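This report refers to the structure that appears directly beneath it.
Values in this text are rule-based calculations from the coordinates and carry no lab data. All of these numbers come straight from a predicted model, not from anything done at the bench. Using ideal geometry, Cβ is built from the backbone for each residue, glycine included, and neighbour counts are taken over all protein chains shown.
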Amino acid sequence: MIKASVGLVALAGCAVVVRPLLAGSGAPSPVRAAAVAPVASPAGELTVTSADGAASAGRVGGSKGEVMASGRSKYTDDQAITYFTSRWNDKTTKRVRDIRTTGRYLRIYTNLSENASNSKPAIALCERGLKYLKEIGESNPVVFVQAKFGQNGNPVLANILGPDDKTCRVTHPKPK
């Protein structure tokens, strides 16, 4: 009797799962779309839509704790900022808007335009970032120097992608 009861419960469970799959016209059930990526307007408002469709907006900019990388934030690496400003008091350092460190990654946000790829200031900041990471003991450093926020976010202007990368120059694959 116990075996029969267990068998009926298992069969009923399968029916609950399989029946909705077999029911209907064979058309796929509606699928919820993935969340849309955040979009910033020219006015600096950031609208984020969650998976449940709820939207929220917030000011993006340069004060502590805000979202955009155009100034200090809750992710700012104060030790790196101090390192840069105490060693170099020049035009190049004055282009820095924020420095953020996550693990072995150092991101230097600047006021350089997005067409300043491989420019002297971008390369110099990348090399300084590499020095900083080496001085704090990072054996596998990664540095990104990024342009000011614009239509394309904060494009990378110069980088070091690990120990095999010997130059801060951003390289692009050659078209075929």
Checklist line | Positive-end residue of Cys126, Thr92, Ser139, charge dipole of region 86-176 with Cβ unit charges | finding: Thr92
Check: Residue separation times 0.36 nm, minus the C-alpha to C-alpha distance between Thr85 and Ile136: what's the value?
Finding: 16.7 nm
Notebook entry, point to check: Along region 123-135, what does the Karplus equation 6.51 cos²θ - 1.76 cosθ + 1.60 (θ = phi - 60°) give for ³J(HN,Hα), rounded to whole Hz, x for Gly and Pro?
Noted result: 5, 4, 5, 4, 5, 5, x, 5, 4, 4, 4, 5, 5
Note to self: Once you order the gyration tensor axes a ≥ b ≥ c over the Cα atoms, which shape class does region 74-176 get: rounded for a/c under 1.5, otherwise prolate or oblate by comparing a/b with b/c?
What the structure shows: oblate
Item checked: From phi via Karplus (6.51, -1.76, 1.60), per-residue ³J(HN,Hα) for region 142-152 in Hz, x at Gly/Pro -> 9, 10, 10, 9, 10, 6, 5, 5, x, 4, 9
Check: Too long at a 19 Å Cα-Cα cut-off: which of Lys94/Lys166; Lys120/Lys166; Lys91/Lys120; Lys91/Lys134; Lys91/Lys148?
Finding: Lys94/Lys166; Lys91/Lys134
